[in-house]
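Here it is, the structure in full.
The values are calculated or read from the model by the stated rules, or taken from the named source; none is laboratory data. None of these values were measured; they are calculated from a predicted model. Don't worry about glycine lacking a Cβ; one is built from the backbone with ideal geometry, like all the others, and counts go over all protein chains shown. Heads up: the accessible areas ignore ligands, DNA and RNA and are worked out on the full protein's heavy atoms, side chains in. Shrake-Rupley method; radii C 1.70, N 1.55, O 1.52, S 1.80 Å.
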Amino acid sequence: CSFLDGYTLISNSDAHSPEKLGREANLFDCDLSYTGITEAMKNRESGQFEGTLEFFPQEGKYHYDGHRKCNVCLNPLESSLRDNLCPKCGKKITVGVLNRVAQLADREYKKRRDDRPSYHSLIPLKEILSELMHVGPASKQIDKAYFDLLQRAGSELNILYGMPVSDLKEIGNDLLVKGIRRMRSGR
């Protein structure tokens with residue numbers, strides 16, 4: 001959306017639960033004051049606003065179009081081809097955020113634009129552990145593994161984003177390291 005080109009896009013976590021804080025965040029290399037932060041966002045050429053940390057957009061409840069009752073999930077093109085009707089029951093689907101973005105877009109989609117600060121997509125550590133251990137993310141087994149890792153690494157953000165892969169090998173098994181490496185590379 002070219003009408004957003006003049007703005008620095010930031011990302012902030014919802015504050016509805018302590019565990020979710022910091023999952024979406026802004027990366028700065030500036031004086032951590034109101035003036036320092038606002039100047040970094042106003043003057044992108046300074047490089048002081050380095051980008052954002054994000055959930056993968058697909059993790060959002062309303063990213064794609066769909067019909068929850070029928071367990072249907074569609075991208076905007078599929079929805080428009082079906083006149084925004086559920087392919088299973090024929091009722092109207094819930095139109096998602098990606099559909100609205102597609103409606104507003106005035107140029108071709110590009111995964112990353114060279115003239116914008118970077119963004120890094122993260123997956124919550126408990127969800128990664130849940131996939132690796134084949135149990136639910138709210139289980140006691142995941143809680144134990146999660147807090148054991150935090151004890152050794154300091155913070156979830158450090159594990160997911162900051163810690164070098166060589167150091168990750170010291171705190172986790174090969175599958176965890178592989179999962180985090182894949183997440184960091186967008187795979």
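Calculate the FRET efficiency for N71 and N158 from the Cβ-Cβ distance with a Förster distance of 35 Å, rounded to the nearest 0.05.
Details: r = 36 Å, r/R0 = 1.04.
Plugging the Cβ-Cβ distance into 1/(1 + (r/R0)^6) gives 0.45.
Would you tell me the accessible area of T38, worked out with a 1.4 angstrom probe on the heavy atoms of the protein chains, in Å² to the nearest 10?
Its heavy atoms expose roughly 30 Å² to the probe.
Now a separate question. State the label only: which of [x] 19.1; [y] 16.7; [z] 25.8 corresponds to Kirkwood radius over Cα pairs in Å computed from the shown model?
The value computed from this structure is option [x].
Still on this structure, please answer the following. Show me the ranking of peptides 102-109, 121-128, 174-181, 156-163 by mean Cβ neighbours inside 10 Å, starting with the highest. Could you put the intermediate results ahead of the total?
On the way: 102-109: 9.1, 121-128: 19.5, 174-181: 15.6, 156-163: 17.4.
Those peptides, ordered most packed to least, come out 121-128, 156-163, 174-181, 102-109.
Can you order the peptides 54-60, 70-76 by their average number of other Cβ atoms within 10 Å per residue, highest first?
Working: 54-60: 13.4, 70-76: 16.0.
So the peptides 54-60, 70-76, ranked by packing, come out 70-76, 54-60.
For the chain, what is the mean residue ellipticity at 222 nm derived from helices alone (per DSSP H run of n ≥ 4: -39500 (n - 2.57); sum divided by total residues; nearest 500 deg cm²/dmol)?
Working: 7 runs with 64 residues, N = 187.
Result for the chain, helices only: -9500 deg cm²/dmol.
At F147 and V101, where each label point lies 7 Å from the Cα along Cα→Cβ, what is the point-to-point distance in nanometres?
With each label placed 7 Å out from Cα toward Cβ, I get 3.7 nm.
While we're looking at this one, here's another question. Ranked highest first by average number of other Cβ atoms within 10 Å, how do 90-96, 7-13 line up? Walk me through the numbers on the way to the answer.
Numbers: 90-96: 16.0, 7-13: 13.6.
In decreasing order of mean packing, 90-96, 7-13 become 90-96, 7-13.
Round to a whole angstrom and tell me the spacing of the C-alpha centers of the range 10-38 and the range 128-143.
So the separation of the two Cα centres works out to 27 Å.
Also, I was wondering about something else. Let me confirm the definition first: pairs of Lys residues in the chain, 8 or more apart or on different chains, C-alpha distance under 17 Å. How many are there?
Lysine pairs satisfying the spacing and distance rule in the chain number 10.
Follow-up. Could you please put H67, H120, H134, H16 in sequence from largest to smallest accessible area, using a 1.4 Å probe?
On the way: H67 25, H120 55, H134 155, H16 130 Å².
From most accessible down to least: H134, H16, H120, H67.
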